[in-house]
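To start, the structure itself, in structure tokens.
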Amino acid sequence: MMDLLASLPVLSIIIFLPAVGALVIIFAAGKDDDDFVRWLALGFSLAVCVISLYLPLTFDYNNPDLQWVERAVWSERLGIGYFLGVDGISLLLVLLTTFTAVVCVLASWADIRFKLRGYMAMLLLTETFSLGVFMAVDMFLFYVFWEAVLIPMVFIIGIWGGNRRLYSAIKFFLFTFLGSLFMLLGVIALYFYHGKATGVYTFDSTVLLNYALPADAQFWIFIAFFLGFAVKVPLFPLHTWLPDAHTEAPTAGSIVLAAVLLKLGTYGFLRFSLPLLPDASATLAPVMTAVSIFAVIYGALVTLAQKDMKKVVAYSSVSHMGFVMLGIFALNAEGLKGGVLQMINHGISTGALFLFVGMIYERTHDRVIGSYSGLLKIMPFYGVCFLITVLSSMGLPVTNGFIGELFILIGAFKAYYLYAVFAVVGVLLGAVYLLWMYQRVFLGEFSYSGHEPLKDLCVREKLTALAFVILIFWIGLYPAPFLRVMDASLNKLVKTVEHKTSVSKGGSVSAVMIR
Amino acid sequence: MPIETLNVNLLSILPMALVAILALSMLVLDFFLKKGDKGAIGYLSIIGLLIVLPIASNAIEGAPAFGGMVIADAFSAFFNCIFILAAVFALYLSVDYLKRINSETGEYYYIVLFAVAGMMVMSSANDLIALYVGIELMALSFYVLTAFRVRDTKSSEGGLKYFVLGALSSGILLYGISFTYGFSGTTNISDIARLAGGAGANNTFMLLGVVLTAAGFAFKIAAFPFHVWAPDAYEGAPTPVTALISIGSKAASFAVFLRVFIVAFPAFQSHWWKLLWALSAATMLYGSVVAIPQKNIIRMLAYSSIAHAGVILIGIVALNGAGAAGVMYYLLVYAFMNMGAFAIVMYLGRVRGNGEYVSDYAGMSSRHPVIAFLMALFLLSLAGIPPTGGFMAKFFILSAAIKARYYWLAAIGVVSTAISLFFYARVVFYMYMKDAEGDSPAPAGRPALAYDVVIYITAAMTMLLGLYPAPFMEIAIKAVEPLIR
């Protein structure tokens, strides 16, 4: 039995099962079978989620390399392969994606009122393509998934979004598409540099890793990758699509965007920019760190000024993702570990916040902070879950956010102490805007300007909320299993970055790191 | 010239000869058919072309024939297949289209066949004279076809503009050919390189010949600033002809562009790359920017085809095997995706009586879900989004540019691609995200089978070329290898 399981292409199954689900929904369900569609979508996303649990169960913790590798030749002459693999860095992201998909289906249960078939199909397609991005090792395959994920997302925003959905969808599409195209140029340039030097023309990133590019080429390719990845993260000043897309997207769309799509950008930096372009990463690390810190503080300040709850959460993402970037470009084990963990944490906390904002919006169609006060008294369960998520998002001890931010701050401090000082300001501001929002909406005397009845959560909503709360405390209280997963792979990454830079540049990176 | 060196080899002219014979026999058949039966000529032409298709793809002779006038190599075979496929699709759609506009005539079909014969002469021409004859045969046929909707002033306007500017461009091309002949002493494409290379490469008049030839070709591929005829001709021509002009005429012109610049003028590359670089950059940016405000979808597709011509030019500028093969692959993909998009425009015209304007597409996803989905596929492929064929084509072209270290040109290509996403995505947005305004016209009946067949085949090919490019790319690379030295 186990042999049979091990011989199956488990990664391909995980990637394409949601796509199969999408096809089944489109072709098997009738036009008005909305309940059938919902259960089908839930069934498929749950199945994928359960199958993906096979990965942590059979994961080899001491192996820093890719596991469950699948390889097939796509084009011999061009050196393109269908090459999948998961290691300690991507494992958690894969799990986050499959978990998020289930949550999204549940969050859309009553939220989406028309064209449900298409909606659920798009949601499942988004899952397929994002899983593909996290598992692709071949850079060409990575790019194909990377671009493809845009299409279902654009449709989700554009068809089921709010009033300004068209504007937001096209802005999102154009920004990310342009950025990715520059990344494509970078990938092609890398391919030819490697091919000319070694005679092996390939997009296989594990092969490309073994060759040290000349420094100036690294610089330009880094810039090209930066344009692709930073738009997705999003880093200031490429972030302007995010508030629009987040605010206009339906609840589940915002959850996918925050929990999964933003991670694609930071994952790209981790997976490709750092190991393939170590010199450029080291040289540009101070710049990247400065940009990240700016994003942290700028995002926080802009968040303070927002009146719409969804916008608060959206802009807080800019700030939080800046944190992740700060951890990654500290270029040491602590920072990277914190960065990866914080990617997961941000997925959980921000995903949950969007979910909660969506729940109140579903009831009243009003997201303005000033319309509410004292909600805690009417909706106690909701209020408590919201509070836990807010605390986790601002990084209070015992919650998941604390562990991630702590590691990032240690990493930043090790890189250069002033980085940590500025970053702490960001943490403080984060506490201010989140608590302030919570205080205005939930505390004080109850008042609500509209007329809709405010009921506490129903069973389905409670279950989704509880799933998030459990994860928040699990990572907060016992992060060891999560950290252990990434240990081996991240240590290897730090070593390759250090080793390659010291070989080709005579130790200039250690200057950056020791300073 | 003794008969041995003439190398009379019928195989090398077999495909074009067959198409010409087919056209002539249709001409004769036309006299014997009654007014209502002219559709038969269309179907017979399609069957004839489908019979020629395997012959054309296998008629490969390495050596030039007829005193070096023509050459039937893998390169010309590849293009001939594109022409025949495009013509088959266009003719199949035309039968129903002509019925709709009430001008069923026999001459339409055999003029299309003559145009195809002209294109085939172009792709296998190994001599500037033969090349010119091919261009004129194709162009004259298209002038007539563009003005074919005699009751519509737009059609006459488009035809006239196309004719006047086309005649001008032929003049310029001939002027270029005469300079080339005057200073190299030959019109044979493979001999020009030998005679005009080396010290002759700096001859000013020879260079003038190169520049004028480039200008002549730029007219034919509708590159900025030689594009002015294209939007009017596209809008005025019967839609199947528009599709054929944008695919066949463009592919044929690129075939001669490639052959002449790669085989005859490589010695001047240090000069002409700057010219073509600027031409390519300007064409890409102009086409994609000007397409944005277009309300008429055919005009939009016209400007989009200008932008595509700019992108394809990158492959010629790169002057390497990857670039030339990229051009061929791009034109193959373009044939399918563009034909598909035009077929859907015609389908809407048939079913709903509109479809000419972008706003006609509002709410199409709920009325015609499958057609809307396929239109989205074609448009996203035209925009170059994976995993469609359009992406693969762009990828090959951009790779060639980067391989040849034209980083800036690649960057401009990328920017223009992003700009063009805007107007393609706009139609998709109309179809999926807007509701139809007012009463939509009542359905005008069930459309002919031709639409479904063409739309599904082109959609399948667009996806296939995106997911499994290897065999097609292999053919293209093998075909250009003998040309590149």
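Readers should treat all values here as calculations from the given coordinates under stated rules, not as data from a laboratory. Computed from a predicted model, the values in this text were never measured in an experiment. Every residue, glycine among them, receives a Cβ derived from its backbone with ideal geometry; neighbour counts consider all protein chains shown.
Using R0 = 30 Å, the C-beta based FRET efficiency linking A:E445 and A:A110 works out to 0.50. Annotation: lysines with alpha-carbon distance below 23 angstrom to A:K377 (same-chain offsets under eight excluded): A:K307, A:K310, A:K455, A:K462.
Considering only C-alpha atoms, what is the centroid distance from region A:95-118 to region A:320-366, in Å? What the calculation gives is 19 Å, centre to centre. Dipole size of region B:1-90 about its Cα centre, with +1 on Lys/Arg Cβ and -1 on Asp/Glu Cβ: approximately 420 debye, rounded to the nearest 20.
Pairwise Cα distances in region A:40-189 exceed 28 Å for 29 percent of all pairs.
Look at the alpha carbon pairs under 8 Å that are at least 6 residues apart: their mean separation over the length of region A:287-479 gives a relative contact order of 30 percent. Each Cα pair under 8 Å and six or more residues apart adds its separation to the average, and for chain A the resulting relative contact order is 15 percent. With a Förster radius of 25 Å applied to the beta-carbon distance between A:L387 and A:L477, the computed FRET efficiency rounds to 0.90.
Taking a point 7 Å from the Cα of A:V20 along the Cα-to-Cβ direction, none of the residues of region A:75-109 has its backbone N closer than 16 Å to it.
In this simple spin-label approximation, B:N296 and B:Y456 carry label points 7 Å from Cα along the Cα→Cβ vector, and these lie 3.3 nm apart. Taking each residue as 0.36 nm, the span from A:V425 to A:T198 lengthens on full extension beyond its C-alpha to C-alpha distance by 77.0 nm. In straight-distance terms, cross-link reach from B:K35 covers every one of the lysines whose alpha-carbon lies under 22 Å from its own, apart from those fewer than eight places away in the same chain; here that gives B:K99. With the charge dipole of the protein assembly as shown set up from +1 on Lys and Arg Cβ and -1 on Asp and Glu Cβ about the Cα centre, the Cα lying farthest toward the positive end among the listed residues A:P243, A:I297, A:M359 is that of A:I297. Note: relative contact order over region A:278-328, using C-alpha pairs below 8 Å and six or more positions apart, is 44 percent. Of the residues B:A400, B:V311, B:Y424, the one whose Cα sits farthest towards the positive end of the charge dipole of region B:269-485 is B:A400 (charges of +1 on Lys and Arg Cβ, -1 on Asp and Glu Cβ, taken about the Cα centre). Between the helical axis of B:407-433 and the longest alpha-carbon principal axis of chain B there is an angle of about 20 degrees. Projected label points at A:Y417 and B:A63, each 7 Å from Cα along the beta carbon direction, are separated by 8.5 nanometres. To make sure I understand the rule: partners must be lysines, Cα under 16 Å from the Cα of B:K478, and not fewer than 8 residues away in the same chain. Which ones qualify? The qualifying lysines are none; the list is empty. Its residue count N fixes a reference of 2.2 N^0.38 Å for the protein assembly as shown, and the Cα radius of gyration divided by that reference is 1.01. One Cα centroid belongs to region A:46-76, the other to region A:155-193; the line between them spans 28 Å.
Which of the pairs B:K220/B:K394; B:K295/B:K434; B:K161/B:K220; A:K311/B:K434; B:K34/B:K250 have their Cα atoms more than 23 Å apart in this structure?
Result: A:K311/B:K434; B:K34/B:K250 exceed 23 Å.
Given R₀ = 45 Å, FRET efficiency for B:N7-A:N62 by Cβ-Cβ distance, to 0.05? Here the calculated transfer efficiency is 0.05. For a label point 7 Å from the Cα of B:Y181 along Cα→C-beta, name the residues of region B:51-88 whose backbone N is under 18 Å from it. Once the point is set 7 Å along Cα→Cβ of B:Y181, B:67-70 turn out to lie under 18 Å by backbone N, inside region B:51-88. From the Cα gyration tensor of region A:277-432, with a ≥ b ≥ c the square roots of its eigenvalues, which class applies: rounded if a/c is under 1.5, or else prolate if a/b is larger than b/c, or else oblate? Cα axes put region A:277-432 in the prolate bin. Between A:F219 and B:A282, the modelled label-to-label distance comes to 3.3 nm, taking each label 7 Å out from Cα in the direction of the beta carbon. Mind jotting down the distance between the C-alpha centroids of region A:268-283 and region B:22-78, whole Å? After rounding, the separation between the Cα centres reads 56 Å.
For the modelled label position 7 Å from the Cα of B:K274 along Cα-to-Cβ, which residues of region B:206-224 have backbone nitrogen atoms closer than 18 Å? Counting backbone N atoms under 18 Å from the label point, the list is B:206-215.
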